[in-house]
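Worksheet: the structure to be examined is printed underneath.
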Amino acid sequence: MKKSLLCLAAAAVAACSLVGGALADTGRTDAQVVGAVRIDPTDPSVAYVTARYSCQAGRPGSTAAAHLFVSVKQAADGSADPALMAENVGFGGLAAAWSQSHPTSQVICDGKVHVQTFPVHQGPDEDSGFPTGYGELARGWGYVQFCLFGGDGTYNASQIFQRVQ
């Protein structure tokens with residue numbers, strides 16, 4: 001009996017150490033949109049996208065090479081329209097609503113897994129200064145793009161249809 005309990009305890013400790021390691025340094029850039037997109041209750045051109053991600057810092061003490069692009073596009077009927085997945089749907093005016101941002105300064109590239117919420121909006125782009133976005137986001141489905149370059153130059157993206165609430 002004691003031997004069985006000892007083996008069970010050892011297995012539990014081993015399992016916990018594996019889980020802990022998975023949440024530590026992943027050694028790669030990874031991105032996954034999680035949960036629904038939340039529309040700002042005071043401004044339907046603004047929404048919040050939550051993602052689980054990890055990225056490497058690149059050279060010591062710098063995330064200069066890191067970059068994040070987040071976008072939400074919607075069809076007029078709020079459906080998961082595959083046409084929203086095409087190139088230049090936002091800039092081309094083919095979506096009924098489009099909000100986006102480049103919140104790179106909010107990204108933490110330290111090799112660890114982070115769950116963080118990022119805003120998307122309309123107006124001047126953080127990188128180029130050019131006006132972006134149009135329309136009002138509404139309940140339904142949206143095509144969400146979460147495109148992350150790690151500080152070491154690696155890339156990963158989560159591009160999926162997600163509920164918009």
**Item:** Cβ-placed point charges (K, R +1; D, E -1), dipole of region 25-123 about Cα centre in debye, nearest 20
**Value:** 280 debye
**Message:** If you count only protein heavy atoms with a 1.4 Å probe, what accessible area per residue comes out for region 43-152, rounded to a whole Å²?
**Reply:** 46 Å²
**Prompt:** Where does each of 110-116, 149-155, 65-71, 123-129 land if you order them by average Cβ count within 10 Å, highest first?
**Reply:** 65-71, 149-155, 110-116, 123-129
**Asked** Tally Lys/Arg at +1 and Asp/Glu at -1 over every other residue whose Cβ is under 11 Å from the Cβ of VAL89; what's the total?
**Response** -1
**Prompt:** Just how many % of Cα pairs in region 72-122 lie over 16 Å apart, if you round to the nearest whole percent?
**Reply:** 52 percent
**Fill in**
Here P(r) for region 73-165, Cα-Cα distances in 10 Å bins, as whole percents, is 15, 45, 32, 8, 0
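The values are calculated or read from the model by the stated rules, or taken from the named source; none is laboratory data. Fair warning: this is a prediction, and the values are worked out from it, not measured in the lab. Because the Cβ atoms are built from the backbone with ideal geometry, glycine has one as well, and the counts that use them run over all protein chains shown. With ligands, DNA and RNA removed, areas are computed over all heavy atoms of the protein, side chains included. Shrake-Rupley method; radii C 1.70, N 1.55, O 1.52, S 1.80 Å.
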